[in-house]
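Here's the structure we're looking at; comments come further down.
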Amino acid sequence: MTNRSKYLLALGLSVLAPCSHADTLAKIIRDGSVSGDLRSYYFSKLYGAPKQENQDAYSLGGILNAQSGSLDGFSAGLSFFTANSLGTHGADSKAVDTTLMGIAPSINALGQAYLQYQMPQRLLLRIGNQIINTPWMGPRDSRMLPQTFQGIFAKVEPTTGLTIEGMRIFRWKSRTSSNYYRDNLYYPTNYDEDPLYGVKKVGLKDNTPASNGTLAFGAQYQGEDAKLAAWYYDFYQFANLFYTSVQYGRKVAGVTPYLAGQFMREWENNGILQNYQASLFGQKGSVNTTLWGVKVGMKVPLANLFFAYNELQPHAHSFGGGAIVSPYGNYTAMYASFMTNNLLAFGPGHAWRLGAALQAWQKQIRFLAGFAHFNTNYEGRTNGVYLDLSYFPRQLRGLSIRDRVAIDNGLASYAGHSCLYNRLMLQYAF
């Protein structure tokens with residue numbers, strides 16, 4: 001741990017628990033830890049459509065985490081985030097994949113800064129800037145930097161297998177921002193000077209009221225054969241969301257067949273999207289969303305094979321004709337989605353996906369593959385292929401080399417042409 005990190009952690013902890021003995025303070029610093037990762041990512045998009053300009057982006061950076069030791073359950077944590085294009089962005093911003101780190105030459109941010117109280121295996125209470133991971137609100141850590149949230153988070157485990165979580169979030173930091181703001185992905189880029197990219201273009205203007213954040217709570221239970229989850233989110237002024245999922249699988253002779261189901265319902269009347277005339281797929285109105293899905297699969301040693309189906313039902317006179325409202329961009333809770341294709345982007349319709357995950361060479365190699373088909377009301381029919389190869393060399397623990405490829409075929413927004421999206425990702429975790 002660097003001297004600067006030790007000083008900041010000790011200062012933060014002293015606010016909560018002043019110590020009169022130097023040896024106690026020394027123990028807090030001595031029991032602290034430093035971790036993080038270094039990342040080198042290169043993304044490229046090759047469009048078959050003649051009027052679509054190809055895009056690419058490179059970034060070098062990573063995350064440095066510092067965690068203090070515990071004093072009667074109290075501790076503090078800091079995380080420094082950095083991403084740097086090293087001058088590789090050209091003069092034409094249209095040729096840059098801005099989802100990687102935006103258009104700025106660098107991002108430097110205090111991604112996490114929190115105080116927490118923890119009772120082992122029972123209670124965690126955290127206040128400040130932090131990473132949160134839930135089905136419809138999480139880090140989305142597939143780019144250089146994860147998105148983080150500012151607020152209060154609590155988790156309790158009242159009994160073995162059962163976890164209850166709750167949070168009140170006031171602001172967030174997107175993957176391309178260097179600070180925390182009261183907005184989300186439905187606000188325009190540079191709203192309140194926030195350089196966020198990957199926004200959902202729905203027509204909201206700079207005079208739209210700021211977001212009041214989110215209240216959320218949920219419960220998860222995991223037994224020997226079953227997993228259950230239920231979540232409620234109040235994305236203030238945008239949508240109320242209820243989500244539940246269940247999965248059951250029993251291992252027999254080394255093989256584990258499983259069946260899973262999910263259901264999501266959203267509603268909001270007289271919220272920002274309706275009152276400020278936001279429009280998606282040319283459809284305006286209140287939020288009215290119904291999503292359900294099923295997944296059936298089989299796990300064998302070093303492999304997982306599955307078939308998944310999702311349906312997003314259309315609703316007339318509603319925002320996006322029944323589109324999903326996900327202010328922080330999460331979509332991976334849906335079974336039939338992958339790197340580029342999902343019903344959050346495509347709107348009402350249905351999708352199915354065949355997928356496989358394989359491990360080999362003493363788990364040094366991981367290979368994911370999938371094929372998905374989408375039939376949607378506003379983006380038409382399309383299909384996609386997903387390939388994902390990772391290498392984890394045992395000679396250098398913490399290093400991973402990953403190449404992800406998605407091929408979209410026939411999207412209406414690409415004038416019926418294909419798009420090849422490649423992500424080469426090198427990471428060293430320490």
Within region 45-143, which trypsin sites (Lys or Arg not before Pro) sit in a loop by DSSP and count at most 16 neighbouring Cβ atoms inside 10 Å?
-> Lys51, Arg122
At a 1.4 Å probe radius, carbon and sulfur cover how many percent of the accessible area of region 270-373?
-> 61 percent
List the lysines whose Cα lies under 17 Å from the Cα of Lys45, skipping any in the same chain that are fewer than 8 positions away.
-> Lys94
How about region 162-266: which trypsin sites (Lys or Arg not before Pro) there are in a DSSP loop, with at most 13 other Cβ atoms within 10 Å of their Cβ?
-> Lys201, Lys205, Arg250, Lys251
Mind checking which aspartates and glutamates have their Cα closer than 17 Å to the Cα of Lys200? Skip sequence neighbours fewer than 8 apart in that chain.
-> Asp97, Asp183, Asp192, Glu379
For the chain, dividing by residue count, accessible area per residue (probe 1.4 Å) in Å² works out to 47 Å²
Taking the Cα-to-Cβ direction at Asn54 and at Lys205 and moving 7 Å from each Cα, how far apart do the two end points lie in nm?
-> 4.0 nm
Grab the beta carbon distance between Phe242 and Asn375, set R0 = 22 Å, and tell me the FRET efficiency rounded to 0.05.
-> 0.30
Debye sum, Cα scatterers, region 320-411, no solvent: what log₁₀ I/I(0) at q = 0.23 1/Å?
-> -1.10
Once you wrap a convex hull around the alpha carbon atoms of region 50-99, what is its projected area averaged over all directions, in nm²?
-> 5.1 nm²
Relative contact order [Cα under 8 Å, 6+ residues apart], the chain, whole percent = 11 percent
How high is the relative contact order of region 260-380, in percent, counting Cα pairs under 8 Å that sit 6 or more residues apart?
-> 22 percent
Tell me, what HN-Hα J-couplings in whole Hz come from the Karplus equation 6.51 cos²θ - 1.76 cosθ + 1.60 at θ = phi - 60° for each residue of region 95-102, using x for Gly and Pro?
-> 9, 9, 6, 6, 5, 5, 7, x
What is the gain in length, in nm to one decimal, between Val34 and Gln364 on full extension, counting 0.36 nm per residue of separation less the C-alpha to C-alpha distance?
-> 116.3 nm
Can you pull the one-decimal nm distance between simple spin-label points at Trp267 and Leu125, each 7 Å off the Cα toward Cβ?
-> 3.4 nm
On alpha-carbon atoms, Rg over Rh for region 108-229 using Kirkwood Rh?
-> 1.03
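The values are calculated or read from the model by the stated rules, or taken from the named source; none is laboratory data. None of the values given here were measured: they were computed from a predicted structure. We place every Cβ from the backbone using ideal geometry, glycine too, and count neighbours over all the protein chains shown. Each accessible area value is taken on the protein alone, full model and side chains, heavy atoms only, with ligands, DNA and RNA left out. Shrake-Rupley method; radii C 1.70, N 1.55, O 1.52, S 1.80 Å.
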